[in-house]
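One structure is given below, encoded as structure tokens.
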Amino acid sequence: MVIFLITNSKELKKINIQNIKNVLKNNDYCTKISLAKKTGLSVATCGNLLNDLLKTGEVLEIEKEPSSGGRPSRKFIYNKNFSYISTVYVRKEGSTNSLSIFVINLGNEILFEKTFEYGDIGTTEIEYAVKRIIEKFPKIKILSIGIPGVVKDGTVSSCDFEKLDNKNLIDLFKKKYGLKAIVENDVNACAIGYFNKNLSANEESFVYIYFPMEGMPGSGIIINKKIIRGKSNFAGEISYLPIGTERDFQGKIQKNSDSFSEYVCNIVHSINCVINPGNIVLAGYSFSKEILEKVNVHLQAKIHKEHIPKITYERDIKGSYLEGLKYLAMENISEKIQIIKK
């Protein structure tokens, strides 16, 4: 959310324009009169600002409203193809290292999708994909990048891909291409995506836990609709939990259903004792119906059923990963405004 302290007419105009754009994005179309009602602005102000937006192409005029006797009303829509966002996510799944890139318009329509597989992934591979895509779609205004590692202020650390450690991807794309970039931990992005698409707005707490094949788990924690990051963005790095399973062994344990189910139970139990979330999602290809049943049996042996969260399984993180990165980009390209008057 952007907070504006109104000090002059230019800032007020900027706020009013954003207000009009937000209303148009949430409606099939608007007339000047309906815009005035929804924004609280005068019809004349709406008309003047619409003219500015029509000149830039950010707003389009469509067929007029049918007349009931008087002059037909003009109808306006937000131009969903005025600019685009691009999401890029990096993923390690067993021996497969992949980079997926998408181009999405402001109407949430996917215009392009491609996945590359590499022996290893660093800034060279990400930059190659982004360069190709911005040549094809020059209207891209923002990048939303997901990385399997700790991310703070755009700098990556403790990454599954060592070539990305200590690299600042925000600075890279700003300096080379003048693009704004958002960089997020992969499981945080999954948590944001799953939460916004599947859970009630009244949900107080939620945890998304991802077990990559042959890899170490991570989690995204949401409390009061906000991702919990911690002092150094280390929150959710559950592979470091002192539950008796060494980090080097956490990927191998997935091959033994008894050991893996007990390990998953211990993670869920540890999180539950601290947060007691309403919902937990267990994600990953290593799960089976048998393992999930064993996890539930282990949990019921450790804690009374009334304290056990609702547990859901998601085999592939792709949908939640993409949804979370899209959400972060859309939030940044469409500012929510809180006005403070002097």
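The values are calculated or read from the model by the stated rules, or taken from the named source; none is laboratory data. What you are looking at is a predicted structure, and each value in this text was computed from that prediction instead of being measured. Quick reminder, even Gly has a Cβ in these numbers, built from the backbone with ideal geometry, and neighbours come from all protein chains shown.
Worth pointing out:
- Taken across the stretch 72-79, residues that are in contact with a helix residue (DSSP H, G or I) (Cβ under 7 Å, 6 or more places away or on another chain), among the hydroxyl-bearing types (Ser, Thr, Tyr) and touching a residue at least 40 places away in the same chain (Cβ under 8 Å) do occur, with at least one present.
- In summary, helices (runs of 4 or more DSSP H) completely within the stretch 257-340 and bearing 2 or more residues that are modelled with pLDDT of 95 or more and not assigned by TED's automatic domain parsing to the domain that holds GLN18 occur at 257-274, 318-333.
- Neighbours by Cβ (under 6 Å, 6+ apart or cross-chain): first from the stretch 105-128, under 17 Å from ASP165 (Cα atoms); second in a loop (DSSP other than H, G, I, E, B) and modelled with pLDDT of 95 or more: ILE121/PHE161; THR123/LYS167
- Flag if ASP160 is without any contact (Cβ under 8 Å) to a residue 40 or more places away in the chain and in contact with a strand residue (DSSP E or B) (Cβ under 9 Å, 6 or more places away or on another chain): no
- Output for the stretch 142-162, where each listed residue is farther than 20 Å from ARG229 by Cα and buried (at least 18 other Cβ atoms within 10 Å of the Cβ): ILE142, LEU143, PHE161
Residue-by-condition table, conditions (1) in contact with a strand residue (DSSP E or B) (Cβ under 9 Å, 6 or more places away or on another chain); (2) of a type in the set (Gly, Ala, Ser):
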{"position": "ARG229", "(1), (2)": "yes, no"}
{"position": "THR245", "(1), (2)": "no, no"}
{"position": "GLY251", "(1), (2)": "no, yes"}
{"position": "PHE260", "(1), (2)": "no, no"}
{"position": "ASN279", "(1), (2)": "yes, no"}
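- Scanning the stretch 163-201 for residues that are over 19 Å from ARG229 (Cβ atoms), among the charged types (D, E, K, R), part of a helix (DSSP H, G or I) and in contact with a strand residue (DSSP E or B) (Cβ under 8 Å, 6 or more places away or on another chain) yields one hit, LYS174.
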